[in-house]
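One structure below.
The values are calculated or read from the model by the stated rules, or taken from the named source; none is laboratory data. Bear in mind that the values here come from a model prediction, so they are computed numbers and not experimental data. FYI the Cβ positions are ideal-geometry reconstructions off the backbone, even for glycines, and counts take in every protein chain you see. The protein model used for the area step is the full one, side chains on, heavy atoms only, and it has no ligands, DNA or RNA in it. Shrake-Rupley method; radii C 1.70, N 1.55, O 1.52, S 1.80 Å.
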Amino acid sequence: MNETRLSYLFKKLLDQSLSPAEKEELGMLIEQQRDDAPLEELIQQALEDAPVEHRMDDQATRQVLDAIRFADSEPALHVSHRRSWLRTAAAAAVFIAVAATAYYYWPVRSGRTPVVKVEDVQPGGNKALLTLADGRVVALDSSSTQTMQQGAASIHKQGGQLVYTAARNSNQPEFNTLRTPRGGQFKVQLPDGTNVWLNAASSLRYPTDFNGTERLVQVSGEAFFEVAKDAARPFRVAVSKHHSIIVLGTRFNVKAYNDDAIAKTTLLDGAVKVTFSMGKVQEVQLQPGQQAQVSAADETMQLVKQVNLDQEMAWRSDAFSFEGQTLEEIMKQISRWYDIDVVFPGKVPDISFGGGMSREVNLKEVLDFLRDSRVHYKLESNGKKLIITQ
Amino acid sequence: MVFRYYRDKVFNIAYKLTGSREMADDIVQDIFLQVWLKRSIMADVQHFKAYLFTLSRNYIARYIKRNARLIFTQASENDGVPEEAADRLLQEKEYAGILQQAIARLPAQQAEVYRLSKQEGLKREEVAGIMGISPETVKAHLALAMRSIRAYCMMRLGIPVLVYLLIS
């Protein structure tokens, strides 16, 4: 009886429809309850399900994180300091989850004195190389606006993006390749109106006009596609000779770096079909929120029914996501974005991380962060090589 | 983003239940401090979300139970937190010692603002006049000082004490 009354009043409190009398009644119920479990369960449900309508403001967040740093700047009396590797790893992960918030809100921190002076490295930005059909290479950045002619198509560059406009009835499409270096990203709008965002160290090969029965492009590295609808000409993304994505009108992300063991296709909306033909021929049709994972080494393709889209799409919000990633995976992201080599002379520490951070900060911010997480490193070769020593 | 998501999830519920931004900020701070303290027994961070939610659920339940009278029997627009309970607590010897340590470790200006405001009981404008800074700066320093003291005491006194420790 009490429990259901509690639940009834609790729900009214959540949607702010309690009368003053009911509010007082709820307070009495909560204060006098012997068993906390029903209340805890209601709170748990609310944490999972209630829409987020109130957010902590940035100033309060900053103060809270400063306070935690303040409190922890000398060892607390009752915390024992037995350290095993596992503990250290967990500590690193939790700290990242907490501290990431701080970094996210202060991309530029002031008044922080580095203990060790390191050469700093700027984050990546809008940079790419465009290889034209005749082999000419044009360096692109976001600084200027220019228009180029490429066969029958015209290419307009504005800020960090290229826009292709095909002339009508061009009968000989030519192929261009847009390639981002490490530390670069770029956007291109293809002649059919499809938008593609390339992450660092990635490339996209495409015709200057789609005039066949299908629209075919080739990708390596990581790219996010917003494919223009055209039922008459299906859009296909070739990841390798054996692996392609047939698009039925949609937004999706492809992450297929050569140095990653697994190539991932993540669908945001619409529908795509992923095919993989190494070993036997396999095909899977994705629903939004699903991911296809292809391992060329194992000759397998797996369907992941529910992925964390925030995490997969973090790069499109100028952020790194570290959630559930190993140190090695995180260092790959950092290597690609800051254009540095990362080496592990010893064993790769087996740490799993949580949280994430902005990727618009200088490398030093990220390194401070690793140091706080007890990852030991040296930066050498004028800031071009990061050695993880533990 | 992932971290914002957790912070907002906890803040949102804390705010809806207490009706006070200040209390909700405190709850978020206390919970994230516990996450930090418990780091030594957390082996599997894959389950960070489940861990955080359990911890939050238990802490929020305890917090609103302890402070039920304050939260549910006053006018809902009251955003203030009374200080008697905490002050009483902090006057007891053990706690007073830790409070003094915390104050001693604050940056000088924050410590001075805290001393004048809390121990001398001066108004914000008066503190501003004495220190030659703006009332806004006084407010900011005081907020930071109180948050730092709260975290410092919690880390040393443990969670059960803290539920009572309404020092801000």
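Numbers at a glance
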{"read-out": "Residue in segment A:118-129 that is farthest from the chain's Cα centre (by Cα), counting only those that are surrounded by 15 or more Cβ atoms within 10 Å (Cβ to Cβ) and modelled with pLDDT under 80", "value": "A:Val118"}
{"read-out": "Segment A:47-71, residues that are touching a Phe, Trp or Tyr at 6+ places or on another chain (Cβ under 7 Å) and more than 8 Å from every other protein chain (Cβ to nearest Cβ)", "value": "A:Asp58, A:Arg62"}
{"read-out": "Residue within segment A:223-243 that is modelled with pLDDT under 95, surrounded by fewer than 16 Cβ atoms within 10 Å (Cβ to Cβ) and under 19 Å from the mean Cα position of the chain (by Cα) present", "value": "no"}
{"read-out": "Tabulated pairs, segment B:15-28, first among the aromatic types (Phe, Trp, Tyr), second part of a helix (DSSP H, G or I), C-beta under 7 angstrom, 6+ apart or interchain", "value": "B:Tyr15/B:Arg21; B:Tyr15/B:Ala24"}
{"read-out": "Lone unmet requirement of (1) within 8 Å of another protein chain (Cβ to nearest Cβ); (2) modelled with pLDDT of 90 or more for B:Gln46", "value": "(2)"}
{"read-out": "Matching option when the condition is of a type outside the set (Gly, Ala, Ser), open to solvent by less than 50 Å² (accessible area, probe 1.4 Å) and either touching a Gly at 6+ places or on another chain (Cβ under 6 Å) or at pLDDT below 90 (or both), among A:Leu132, A:Leu162, A:Leu190, A:Leu178", "value": "A:Leu132"}
{"read-out": "Some residue of segment A:356-373 being open to solvent by less than 20 Å² (accessible area, probe 1.4 Å), aromatic (Phe, Trp, Tyr) and within 14 Å of chain B (Cβ to nearest Cβ)", "value": "yes"}
{"read-out": "Enumerated strands (runs of 3 or more DSSP E) restricted to segment A:262-306, each holding at least 2 residues that are under 20 Å from the mean Cα position of the chain (by Cα)", "value": "A:262-276, A:291-295, A:300-304"}
{"read-out": "Total residues in segment A:8-46, condition more than 8 Å from every other protein chain (Cβ to nearest Cβ), more than 20 Å from B:Leu52 (Cα to Cα) and of a type in the set (A, V, I, L, M)", "value": "4"}
